[in-house]
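**Student:** Have a look at this one.
The values are calculated or read from the model by the stated rules, or taken from the named source; none is laboratory data. These numbers come from a predicted model, not from an experiment. Positions of Cβ are generated from backbone atoms using ideal geometry, with glycine treated the same way; all protein chains shown enter the neighbour counts. In case anyone asks, the SASA skips ligands and DNA or RNA and just uses the protein heavy atoms, side chains included. Shrake-Rupley method; radii C 1.70, N 1.55, O 1.52, S 1.80 Å.
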Amino acid sequence: MRRLNLGLVLVFMALGTTLASGAEFASVDRPGPPLSPSKADLEGSLKCDETVATSDKPPVLLAAGTAINTDQNFGWSYIPALRASGYPVCTVDQPGDAQQNMGETQTRGEYITHAIRQTYKLHGNRPISIIGYSQGGQVIRWPLRFWPDTRKMVDDLIAIAPTNHGSQTVNLLCAPNCAPTLWQQRDASVSRYIAALNSGQETFAGIDYTNAYTTTDEFVTPNLDDSGTSSLHTGDGRINNIAIQDVCPDHIADHLQVGTFDPVAWALAIDALNHDGPADPARINTDVCEEAFLPGVEPGEFMQRFGNIGILAVDQLTSAPRVNAEPDLKPYVFADYVPPTTAQTGTCATRSRMIRVGKRATRVRRSGKALKIKRGRKVRVRFTGAQTHARILIVRRAADGTRSKATRIVRRCTG
């Protein structure tokens, strides 16, 4: 019998550790790519109170949960309560049907990236705060992970019942198919999106993270303690993972309640805003355990609005367009991503041009026709007739076998 080579064992163990740590994904300090939505769509997605520019208190950017938009989620609860507490409010919703947050979550992250930058600018280049619920509490971390410039712009990040590590309940909703965002919010063992979001480190220095969850959540599971799916643990940020039941042990709040009108979740959110660092349950007055609603919620409006939210959520979860697999991760999340440069997108050629496609490219197509990948990982793009540009699709395969797609525009000289 041959003796086992201890050196090789150590090498393979080190390799396994590297792969498990998310080495396939971009480094946490690599600059983010240009935003893909149009300028008009980005600008139209953000709405802010006029007092954002002059307020001494940081504006609060709100991000709604799956299947509902900002007004449905917060318009009758958090928005008036924040304004009454002296905090200006900004909201971000994607255009059209995407307002219900059932589509591809990475694109939503780009809208939030724009919202963070613009709210920070409106506030005189001073840090802002963010409150997100469910999907909204998770996707607000996407800009911080892949657009490092946003980190200095955020003071408090307050997430209520966030799907930070996905949800086992969502796994069941995707058998056999589901909306794109649900594929991405499956639990961390299967969701590629969640793996990318949490790669490298979960939190960043200078940001205070409050993750409030309820142990009676039926949608974001498991969430029974600090090891649950909503909680964060790694990185340089200041973190506090807090169960509603840490404040009120007998309190029962389901997923929809905790992110809309729950008084204990609100008490934790406003405590984080009012103090340095994340929320501290020891500071919360336990009289809140006897309250029915967060401040300012009118019982009559509650009956109408909360009932409508339930109907809307069920309708979206059952009727929103479904897909058969998780959407591909965007090329920029990977370590081998090559950002577009002037040489790739801004110059032109007379008859043809060679472009590099990267060492992991497996297929390159133009209008559905395959282009031959040559030595040096290049392809030749030819122009005929009056063609002014060519759109090239590049398919890459990562080390673990997963695929990603990227599009390049190659322009032709006309002068």
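**Student:** Anything in the stretch 236-245 that is in a helix (DSSP H, G or I) and buried (at least 20 other Cβ atoms within 10 Å of the Cβ)? List them, or say none.
**Tutor:** I244
**Student:** Looking at (1) modelled with pLDDT under 95; (2) open to solvent by less than 10 Å² (accessible area, probe 1.4 Å), find the lone condition where Y193 falls short.
**Tutor:** So the condition that Y193 fails would be (1).
Table: residues versus (1) open to solvent by 20 Å² or more (accessible area, probe 1.4 Å); (2) out of contact with any Gly (no Cβ under 9 Å at 6 or more places or on another chain); (3) not small (G, A, S).
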{"residue": "A26", "(1), (2), (3)": "no, no, no"}
{"residue": "E50", "(1), (2), (3)": "yes, yes, yes"}
{"residue": "G86", "(1), (2), (3)": "yes, yes, no"}
{"residue": "P95", "(1), (2), (3)": "yes, no, yes"}
{"residue": "Q99", "(1), (2), (3)": "yes, yes, yes"}
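**Student:** Within the stretch 105-134, restricting attention to residues that are outside any helix (DSSP H, G or I) and open to solvent by less than 10 Å² (accessible area, probe 1.4 Å), which residue is nearest to V220 (Cα to Cα)?
**Tutor:** S134
**Student:** R186 is checked against (1) open to solvent by 10 Å² or more (accessible area, probe 1.4 Å); (2) of a type in the set (D, E, K, R); (3) closer than 15 Å to V60 by Cα and fails just one. What number does that condition carry?
**Tutor:** The one condition R186 does not meet is (3).
**Student:** Another question about this same structure. Considering only residues of the stretch 285-335 that are under 22 Å from the mean Cα position of the chain (by Cα) and charged (D, E, K, R), which is least open to solvent (accessible area, probe 1.4 Å)?
**Tutor:** E326
**Student:** For the stretch 149-157, indicate whether the set of residues that are of a type in the set (A, V, I, L, M), modelled with pLDDT of 95 or more and over 19 Å from Y213 (Cβ atoms) is non-empty.
**Tutor:** yes
**Student:** Right, something else. Can you tell me which residue is farthest from N241 (Cα to Cα) among those in the stretch 266-284 that are assigned to a helix (DSSP H, G or I) and open to solvent by 30 Å² or more (accessible area, probe 1.4 Å)?
**Tutor:** N274
**Student:** I'd like the full set of residues that are at pLDDT 85 or above, touching a Lys or Arg at 6+ places or on another chain (Cβ under 6 Å) and open to solvent by 40 Å² or more (accessible area, probe 1.4 Å), limited to the stretch 371-390.
**Tutor:** Listed by number, the list holds a single entry, K378.
**Student:** Can I ask one more? Could you look through the stretch 204-234, keep only residues that are among the hydroxyl-bearing types (S, T, Y) and crowded, with 24+ Cβ neighbours inside 10 Å, and pick out the one that is nearest to R151 (Cα to Cα)?
**Tutor:** Among those residues, the one meeting the criterion is Y209.
**Student:** Go through the stretch 339-370 and give me each residue that's open to solvent by 60 Å² or more (accessible area, probe 1.4 Å), at pLDDT 80 or above and not basic (K, R).
**Tutor:** M354, T362, A370
**Student:** Quick one: is A398 closer than 30 Å to R192 by Cα and at pLDDT below 80?
**Tutor:** Criteria met by A398.
**Student:** To continue, here is another question. Please pick out the residue among Q201, Q257 that is under 25 Å from R108 (Cβ atoms), touching a Gly at 6+ places or on another chain (Cβ under 6 Å) and surrounded by fewer than 22 Cβ atoms within 10 Å (Cβ to Cβ).
**Tutor:** Exactly one of Q201, Q257 is under 25 Å from R108 (Cβ atoms), touching a Gly at 6+ places or on another chain (Cβ under 6 Å) and surrounded by fewer than 22 Cβ atoms within 10 Å (Cβ to Cβ), namely Q201.
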